[in-house]
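Asks: Handing you this structure, nothing more for now.
The values are calculated or read from the model by the stated rules, or taken from the named source; none is laboratory data. Treat the numbers as computed from the prediction; the structure is a model and nothing was measured. Please note: Cβ atoms are built from the backbone with ideal geometry, for glycine as well, and neighbour counts cover all protein chains shown. What goes into the accessible areas is simple: the full protein's heavy atoms, side chains included, and nothing from ligands, DNA or RNA. Shrake-Rupley method; radii C 1.70, N 1.55, O 1.52, S 1.80 Å.
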Amino acid sequence: MIIFIDENDENKRLDSYLAEITPDLSRSKIQSLIKSGNAKINNTVKKPSYLLKENDKVEFEVQEQEDLSIKLQNIPINIIYEDENMLVVNKPSGMLTHPTTIERENTLVNALLYKFGENLSDINGEFRRGILHRLDRNTSGLLMIAKNNKAHEFLANQIKEHTITKKYHAIVKGVIKENEFEINLPIGRNPTQPHKMAVREDGKESLTRVKVLERFKEHTYIELNLITGRTHQIRVHMSNIKHPVYNDTLYGAGVGKVKTEEQVLQSYFLSFTKPFGNEIIELQIEPDEKINKVLKYLRAN
């Protein structure tokens, strides 16, 4: 398999990353394969401890391919837009974007493979067929899927060049005084908790534009425009300025009076250039159940 590393997997150890995408292989087996030259980074053999960099080309030869199949599951998919090269789905909160070492079923990829079969890009490997970018498990909303590798490259270039517009709705703790402002703080992996991200001087440039939609006694309803698309960017930025996303326990919000599946955050607007042309596609969806539930409570209290 050949995979190109994106910013979400940067700074992961090579053996750890390969363990994620080939969960039927043990860590020791993967390390043995790496040392035997079965894994190359940019055509060069590296150590298992090598830290991945964005745009690294990973070539991994796996003999046990028959054991790495992904279960096809007839899970409903809410398709907002579709053409011959791509589609945009509304991913529900609670669903993983793709399988992991621990969870192999009930992800968006399981559902996509059932519906589209081999008609999905495979640039990012079998476990991420069609996947261009990701949403956290408990973040709902619009997500682009590529049906073929050429469309994948076309759309991935827009993501890289920041020409795609991605807007989110969120409810955050505290009352934000400014009507509109920017958060320009670099983000990198948390040095002590690798499952988290953090604002750090040596991180990647990360820019979020914030617009207040509605204020409450102790909370604020906001729109966020992601200029960059770093892992957990909104959650890290809002937590850093002491306005964590409602119910985001990972980044310090705690559990609010209205119980939801973690963070109240939705990707509600997407604008991009349709593959192989100049047509601009703009998509927008209504606030999801979590946002409506919390807004109803806040407006009543």
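Asks: Can you name every residue in segment 24-65 that is crowded, with 16+ Cβ neighbours inside 10 Å, within 28 Å of the chain's Cα centre (by Cα), over 19 Å from T100 (Cα atoms) and of a type outside the set (G, A, S)?
Replies: Scanning segment 24-65 gives I34, K40, I41, K46, P48, Y50, D56.
Asks: Where in segment 44-136 are the strands (runs of 3 or more DSSP E), entirely inside, with at least 1 residues that are under 30 Å from P287 (Cβ atoms)? Break it down into steps so the answer makes sense when it comes.
Replies: Working: elements: 57-60, 79-82, 86-91.
Once the strands (runs of 3 or more DSSP E) in segment 44-136 are filtered for at least 1 residues that are under 30 Å from P287 (Cβ atoms), what remains is 79-82, 86-91.
Asks: Then there is this: Can T163 be described as closer than 24 Å to T273 by Cβ, in a loop (DSSP other than H, G, I, E, B) and open to solvent by 40 Å² or more (accessible area, probe 1.4 Å)? So that I can check it myself, show each step before the final result.
Replies: Working: closer than 24 Å to T273 by Cβ: yes; in a loop (DSSP other than H, G, I, E, B): yes; open to solvent by 40 Å² or more (accessible area, probe 1.4 Å): yes.
Against the criterion (closer than 24 Å to T273 by Cβ, in a loop (DSSP other than H, G, I, E, B) and open to solvent by 40 Å² or more (accessible area, probe 1.4 Å)), T163 qualifies.
Asks: Consider T208 carefully, then state whether it is touching a residue at least 40 places away in the same chain (Cβ under 8 Å), closer than 24 Å to L155 by Cα and not small (G, A, S).
Replies: Numbers: touching a residue at least 40 places away in the same chain (Cβ under 8 Å): no; closer than 24 Å to L155 by Cα: yes; not small (G, A, S): yes.
When the stated conditions are applied, T208 does not pass them.
Asks: Could you say whether any residue in segment 132-145 is without any contact (Cβ under 8 Å) to a residue 40 or more places away in the chain and out of contact with any helix residue (DSSP H, G or I) (no Cβ under 8 Å at 6 or more places or on another chain)? First the steps, then the outcome.
Replies: Taking segment 132-145 as the starting set, the residues that turn out to be without any contact (Cβ under 8 Å) to a residue 40 or more places away in the chain are 132.
Remaining after also requiring out of contact with any helix residue (DSSP H, G or I) (no Cβ under 8 Å at 6 or more places or on another chain): none.
Scanning segment 132-145, I find no residue that is without any contact (Cβ under 8 Å) to a residue 40 or more places away in the chain and out of contact with any helix residue (DSSP H, G or I) (no Cβ under 8 Å at 6 or more places or on another chain), so the answer is no.
Asks: While we're on this one: Taking K290 as the residue in question, decide whether it is at pLDDT 95 or above and in contact with an Asp or Glu (Cβ under 8 Å, 6 or more places away or on another chain). Steps first, please.
Replies: Working: at pLDDT 95 or above: yes; in contact with an Asp or Glu (Cβ under 8 Å, 6 or more places away or on another chain): yes.
Considered against the rule, which asks whether it is at pLDDT 95 or above and in contact with an Asp or Glu (Cβ under 8 Å, 6 or more places away or on another chain), K290 comes out as yes.
Asks: Identify all residues within segment 1-20 that are modelled with pLDDT under 80 and either part of a helix (DSSP H, G or I) or among the small types (G, A, S) (or both); write none if there are none. So that I can check it myself, show each step before the final result.
Replies: Initially, segment 1-20 is screened for residues modelled with pLDDT under 80, giving 1, 7-8.
Listed by number, the residues that qualify are E7, N8.
Asks: (1) touching a Lys or Arg at 6+ places or on another chain (Cβ under 6 Å); (2) in contact (Cβ under 8 Å) with a residue 60 or more places away in the chain: which one isn't true of T163, the others all being true?
Replies: Of (1) touching a Lys or Arg at 6+ places or on another chain (Cβ under 6 Å); (2) in contact (Cβ under 8 Å) with a residue 60 or more places away in the chain, only one is false for T163: (1).
Asks: Right, here's the next one. Among (1) in contact with a helix residue (DSSP H, G or I) (Cβ under 9 Å, 6 or more places away or on another chain); (2) more than 23 Å from D6 (Cα to Cα); (3) at pLDDT 95 or above, there is one condition Q63 misses while meeting the rest; what is its number?
Replies: Result: Q63 fails condition (3) only.
Asks: Can you tell me how many residues in segment 21-31 are modelled with pLDDT under 85 and either among the charged types (D, E, K, R) or assigned to a helix (DSSP H, G or I) (or both)?
Replies: Looking only at segment 21-31, we keep the residues that are modelled with pLDDT under 85, and these are 21-29.
This time we only want the ones that are either among the charged types (D, E, K, R) or assigned to a helix (DSSP H, G or I) (or both), so: 21, 24, 27-29.
The total comes to 5.
Asks: Residues that are open to solvent by less than 10 Å² (accessible area, probe 1.4 Å) and not aliphatic (A, V, I, L, M), at least 1 per element: which strands (runs of 3 or more DSSP E) completely within segment 191-272 meet that? Quick ask: steps written out before the conclusion?
Replies: Values: elements: 197-199, 207-215, 219-226.
Where strands (runs of 3 or more DSSP E) fall fully within segment 191-272 and carry at least 1 residues being open to solvent by less than 10 Å² (accessible area, probe 1.4 Å) and not aliphatic (A, V, I, L, M), they are 207-215, 219-226.
Asks: For K293, state whether it is assigned to a loop (DSSP other than H, G, I, E, B) and among the basic types (K, R). Explain how you work it out, then say what you get.
Replies: Numbers: assigned to a loop (DSSP other than H, G, I, E, B): no; among the basic types (K, R): yes.
For K293, the condition - assigned to a loop (DSSP other than H, G, I, E, B) and among the basic types (K, R) - is not met.
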